[in-house]
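Asks: Take a look at the following structure, please.
Please treat every number below as a calculation from the coordinates, not as lab data. In this text, all values refer to a predicted model and were calculated from it rather than measured experimentally. Here the Cβ positions follow ideal geometry from the backbone for every residue, glycine too, while neighbour counts run over all protein chains shown.
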Amino acid sequence: MKNNTITLKDKNGKKKTYRVIFAAQCSEVGKNIIVYTDDKEKNEEKKAYAIKINIDGKYKKVSKKEFEFLSCMLNNFQK
């Protein structure tokens, strides 16, 4: 993560840079979680995405349990 951005590869291997909203450690699942958005979306309501980062730097989609944790964090973040 550099300058509050993260660069990820899509399904086709193309790199894309996203703005990080926040990063947190989820002690319940023992992973680092990154919530990010694509600032290039035209509408006012932006989509938020989340991934978990392993120690080796590889990332995976979040599980249902992790998503519930993030939903609570996002709700608190909005307040």
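Asks: According to a simple spin-label model (label point 7 Å from Cα along Cα-to-Cβ), what is the distance in nm between Phe77 and Asn54?
Replies: 2.4 nm
Asks: Less than 14 Å apart at the alpha-carbon level, and either on another chain or at least 8 residues along: which aspartates and glutamates does that give for Lys46?
Replies: Asp38
Asks: What pairs from Lys16/Lys64; Lys9/Lys52; Lys15/Lys64 go past 21 Å between their alpha carbons?
Replies: Lys16/Lys64; Lys15/Lys64
Asks: Quick one: grab Rg to one decimal and Dmax as a whole number for region 5-78, Cα atoms only, in Å.
Replies: Rg and Dmax of region 5-78, Cα atoms, are 12.6, 35 Å.
Asks: List the residues, sorted by chain then number, that are 5 or more residues from Asp38 or on another chain and whose placed amide H is less than 5 Å from its amide H.
Replies: Sorted by chain and number, the residues that satisfy this are Lys47.
Asks: For the pair Phe67/Thr5, report the inter-label distance in nm, with labels modelled 7 Å from Cα in the Cβ direction.
Replies: Here the modelled spin labels are 2.9 nm apart.
Asks: Can you tell me the FRET efficiency between Lys46 and Lys15 if r is taken as the Cβ-Cβ distance and R0 is 30 Å, rounded to the nearest 0.05?
Replies: Efficiency, from the Cβ-Cβ distance: 0.90.
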